[in-house]
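Peer 1: Sharing a structure with you now.
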Amino acid sequence: MTLDVLRAAGFDASMLAWNGDQGPEGFDAVVLRSTWDYYLSPDEFRSWLLRVDSSCRLFNPLAVVLSNLHKSYLFALESRSVPVVPTVLVPRGTSYVSGGIDESSGLVVKPAVGASSWKTRVFRSDALAGSIEYVQVLVQDMDVLVQPFLSSVERGGERSLVWIDGEFTHKIVKRPRFEGSDESVSAAEPLTGCERESGESAVAAYMDWIAGEQPLYARVDVMETDDGRTVVSEVEMTEPSLYFLQEPRALDRFVAGIRARLA
């Protein structure tokens, strides 16, 4: 869909696999869209990003993408007064010590570098011992995040706020997805005032943190705590689904943003 719209807009656009035989040399720009397996080889992916940046324009910009690969960026947002899902980082090779976050509804365990709910599991409050065991398995190979399971997500879902070229265009509502399950999404909906405020605060804080070139696109995922507060769960600026099928006008803005940056 994106390729067809780019070509219709006059771009000579083609697919380029980040781990394929063809390199980025000869292109004016590379736009990351579906590099959903990067987390399996993060060092190689970083090297490829540097190669792209040395030969053409990269969108999102290199500093944005590199800072976004590891979800510890949540701590940078929190330090800038953005409400985020309470998070404990368990570095590779260490041990998780229970406590520090609310475990009453259960815990979510996920890799700090990952996508598509890879190795993400939820442990209910009656199975917390399993969460500690699972963390200890994962930290043998990677950094791990531990977060409280927010039961409100089962009722209202997680909201993905799509940001294109300087403004939010739409949102979709996702039902919880963990390892081995499929994602269910709603039709496109307008943002509420509270959602827009949360999203804009998150993007502004992120860019204040890295002090880099503004991104072409972003997706801010938010959910509600059990006491009704809106918190940020992720700010995806590497390869997020932007749900253009649900809102084609956002794709038009996406293409216009690319054109403006290359003018």
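The values are calculated or read from the model by the stated rules, or taken from the named source; none is laboratory data. Since the structure is predicted, the reported quantities are computational estimates derived from the model, not experimental observations. Backbone-built Cβ (ideal geometry, glycine too); neighbour counts: all protein chains shown.
Peer 1: Quick one: in region 142-175, which of the residues that are hydroxyl-bearing (Ser, Thr, Tyr) and part of a strand (DSSP E or B) is nearest to the chain's Cα centre (by Cα)?
Peer 2: Among residues in region 142-175 that are hydroxyl-bearing (Ser, Thr, Tyr) and part of a strand (DSSP E or B), the one nearest to the chain's Cα centre (by Cα) is Ser160.
Peer 1: Might you check whether a residue that is over 15 Å from the mean Cα position of the chain (by Cα) and more than 27 Å from Leu6 (Cα to Cα) occurs anywhere in region 233-248?
Peer 2: no
Peer 1: To continue, here is another question. Checking Gly93 against (1) modelled with pLDDT of 95 or more; (2) of a type in the set (Gly, Ala, Ser); (3) in contact with a Lys or Arg (Cβ under 8 Å, 6 or more places away or on another chain), which single condition isn't satisfied?
Peer 2: The one condition Gly93 does not meet is (3).
Peer 1: Out of Ser72, Ser55, Ser47, Ser41, which single residue is free of Cβ contacts under 8 Å to residues at least 12 places away in the same chain and among the small types (Gly, Ala, Ser)?
Peer 2: Ser47
Peer 1: Taking interchain pairs and intrachain pairs at least six residues apart, which have beta carbon atoms under 8 angstrom, with the first residue in region 153-166 and at positive phi and not assigned by TED's automatic domain parsing to the domain that holds Ala204 and the second at pLDDT 95 or above and in a strand (DSSP E or B)?
Peer 2: none
Peer 1: Tell me which of these Val146 doesn't satisfy, since it passes every other one: (1) modelled with pLDDT of 95 or more; (2) farther than 25 Å from Pro42 by Cα.
Peer 2: (2)
Peer 1: What helices (runs of 4 or more DSSP H) completely inside region 32-98 contain at least 2 residues that are surrounded by fewer than 18 Cβ atoms within 10 Å (Cβ to Cβ), basic (Lys, Arg) and assigned by TED's automatic domain parsing to the domain that holds Glu234?
Peer 2: Hits in region 32-98: 42-55.
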